[in-house]
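Engineer: Sharing a structure with you now.
The values are calculated or read from the model by the stated rules, or taken from the named source; none is laboratory data. Everything quoted here is computed from the prediction, not taken from an experiment. No Cβ is skipped: glycine too gets one built from the backbone with ideal geometry, and neighbour counts run over all protein chains shown. Calculation scope for accessible area: heavy atoms of the full protein, side chains included, ligands and nucleic acids excluded. Shrake-Rupley method; radii C 1.70, N 1.55, O 1.52, S 1.80 Å.
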Amino acid sequence: MEKINWKKHLKVSATVVALVAGATVVWASGGGNGEAVHHNAWNDVDTWKVLNFVLLALGCFFIAKKPVAQFFSSRTKGIEEELTDLEQKKAEAERKLAEYQARFRNLEQESEQIIEDYIKQGEDAKKRIIAEAEAQAEKLEDMAKRNIEQEFKAAKALLKQEIVDRAMEQAEALIKKSITTQDQNRLVDEYLKKVEA
């Protein structure tokens, strides 16, 4: 923005006002053939009014020049700051827009990548679960085999004990049937001889 040259502006304004005032005085004083024209009469009071107005306008101009200049200067600075701020906001908005547009363009690729990642994670989880299940199944199978072996050993021992018990019972019954009182006496005698010796 261009700065206003107030001195030059003041000189031009004063010159224009002086020319207008002078032209007005000349125009108003000319009546033709020395006769005064009443409908366009310019008299001394009018000259003083014009001079009064010119002096008042110049006085107001000089009095208000600095505050008006400061007002317009501060207003110009404010507008420049607002423009700078708006340009920065515009640049930020354009940057964000470009970023969102790029993200939007990449959205399909990102969604495909996310889907692929989820599929891979699912397959990895599936493999891990299957491996854990197989390990668990092996452990259970080993435990079942050991339990079966233990049960088999226990049943075998129980069966042997039953066979021994029945054999003893049958042998006892057989001995009871086949032993007579003479055999009993002879056995007692043999036992006593062993004890005495």
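Engineer: Considering each residue of the range 168-189, count those that are open to solvent by 100 Å² or more (accessible area, probe 1.4 Å) and aliphatic (A, V, I, L, M), and give that number.
Structural biologist: So the answer is 2.
Engineer: Can you say whether residue 58 is surrounded by 10 or more Cβ atoms within 10 Å (Cβ to Cβ), among the aliphatic types (A, V, I, L, M) and over 30 Å from residue 13 (Cα atoms), as far as the supplied structure shows?
Structural biologist: In short, no.
Engineer: I'm checking my understanding of the structure. Among residues of the range 142-160 that are open to solvent by 100 Å² or more (accessible area, probe 1.4 Å) and of a type outside the set (A, V, I, L, M, F, W, C), which one is farthest from the chain's Cα centre (by Cα)?
Structural biologist: 160
Engineer: Also, quick follow-up: Could you look through the range 66-93, keep only residues that are touching a residue at least 40 places away in the same chain (Cβ under 8 Å) and open to solvent by 70 Å² or more (accessible area, probe 1.4 Å), and pick out the one that is farthest from residue 15 (Cα to Cα)?
Structural biologist: Here the residue is 80.
Engineer: Looking at residue 96, is it exposed (fewer than 10 other Cβ atoms within 10 Å of the Cβ) and either charged (D, E, K, R) or without any contact (Cβ under 8 Å) to a residue 24 or more places away in the chain (or both)?
Structural biologist: Against the criterion (exposed (fewer than 10 other Cβ atoms within 10 Å of the Cβ) and either charged (D, E, K, R) or without any contact (Cβ under 8 Å) to a residue 24 or more places away in the chain (or both)), residue 96 does not qualify.
Engineer: Out of 165, 124, which single residue is open to solvent by less than 100 Å² (accessible area, probe 1.4 Å), under 60 Å from the mean Cα position of the chain (by Cα) and not small (Gly, Ala, Ser)?
Structural biologist: 124
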